[in-house]
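Novice: Input: one structure, supplied below.
Nothing in this text is a laboratory measurement; each read-out follows from the coordinates by a stated rule. Here the structure is a predicted model, which means the values were calculated and not measured. Because the Cβ atoms are built from the backbone with ideal geometry, glycine has one as well, and the counts that use them run over all protein chains shown.
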Amino acid sequence: AQKITQTQPGMFVQEKEAVTLDCTYDTSDQSYGLFWYKQPSSGEMIFLIYQGSYDEQNATEGRYSLNFQKARKSANLVISASQLGDSAMYFCAMSRHSGGSNYKLTFGKGTLLTVNP
Amino acid sequence: GAVVSQHPSWVICKSGTSVKIECRSLDFQATTMFWYRQFPKQSLMLMATSNEGSKATYEQGVEKDKFLINHASLTLSTLTVTSAHPEDSSFYICSASRLAGLYEQYFGPGTRLTVT
């Protein structure tokens with residue numbers, strides 16, 4: 001069974017500093033996708049970044065980068081130059097094949113990031 | 001592009017009544033839609049997967065007779081919570097995928113249901 005583990009219930013970071021949010025996963029699939037989503041207090045899920053299991057280079061999207069270490073089954077999110085608006089819940093998720101043409105997302109428990117001024 | 005809307009954004013209903021939540025893909029055709037449930041300070045839990053024109057596939061432990069899902073068109077899926085009880089109060093989020101694959105899944109803004 002697939003599993004996503006986020007061991008940091010909460011993290012604090014000073015504005016303009018970088019922060020790393022941890023994510024480890026467990027799967028027996030060879031092909032899978034890893035995602036990070038941001039959920040502010042409004043509740044909407046905002047897609048941040050994606051890494052495919054066969055991608056050799058770490059994904060980057062602006063201030064977000066994903067530190068993908070396949071052998072260690074980790075997919076940590078790095079946010080550079082934190083901003084006050086980055087304060088939110090962050091979820092790591094993994095896409096898995098569920099039969100036919102269907103794929104499903106499994107989410108971790110999330111990390112609540114607070115950016116301090 | 002790839003915008004998903006939900007209606008209503010919040011709803012309060014009395015115990016024993018049914019409530020319908022709509023999920024629409026506004027600018028793309030969604031081959032698959034997903035319904036999630038999220039309790040306060042918890043993660044998203046997948047309830048069911050629906051493909052247009054076919055019956056939804058429910059996750060283990062989700063009552064299909066209580067949570068009725070209809071995916072009648074490529075842009076609309078509905079979740080009906082039947083005979084709602086206070087324990088059904090939760091945040092319901094839908095997402096839509098326009099292509100079969102590992103990548104594409106776009107989320108709606110969510111619907112907060114309160115059952116009194």
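Novice: Once the Cα atoms of chain B are picked out, what are the Rg and Dmax in Å?
Specialist: Cα only, chain B: 13.3, 40 Å (Rg, Dmax).
Novice: If you average 1/r over all unlike Cα pairs in chain A and invert the result, what Kirkwood radius do you get in angstrom?
Specialist: That comes to 14.4 Å for chain A.
Novice: Note the full-extension length gain between A:I46 and A:N58 as 0.36 nm times their separation in residues minus their Cα-Cα distance, in nm to one decimal.
Specialist: 2.3 nm
Novice: List, in the order given, every pair from A:K38/A:K73; A:K70/B:K55; A:K73/B:K55; A:K70/B:K66; A:K16/A:K104; B:K14/B:K55 whose Cα-Cα distance in the structure shown is over 32 Å.
Specialist: Flagged as over cut-off: A:K70/B:K55; A:K73/B:K55; A:K70/B:K66; A:K16/A:K104.
Novice: I want to check the label-to-label distance for B:C13 and B:H85. Put each point 7 Å from Cα in the C-beta direction and report it in nm to one decimal.
Specialist: My value for the distance between the label points is 1.5 nm.
Novice: A further question on this structure: Counting alpha carbon pairs within less than 8 Å and at least 6 residues apart, what relative contact order, in whole percent, applies to chain A?
Specialist: Reported as a whole number, the value is 36 percent.
Novice: Which order results if A:I4, B:I12, A:I49 are arranged by neighbouring Cβ count within 10 Å, fewest first?
Specialist: Result, fewest neighbours first: B:I12, A:I49, A:I4.
Novice: Follow-up. Based on the alpha carbon coordinates of the protein assembly as shown, what radius of gyration and maximum Cα-Cα distance (Dmax) apply, in Å?
Specialist: Computed over the Cα atoms of the protein assembly as shown, radius of gyration and Dmax are 17.8, 53 Å.
Novice: Just in the range B:1-104: which GluC sites (Glu not before Pro) are loop by DSSP and have at most 12 other Cβ atoms within 10 Å?
Specialist: B:E63
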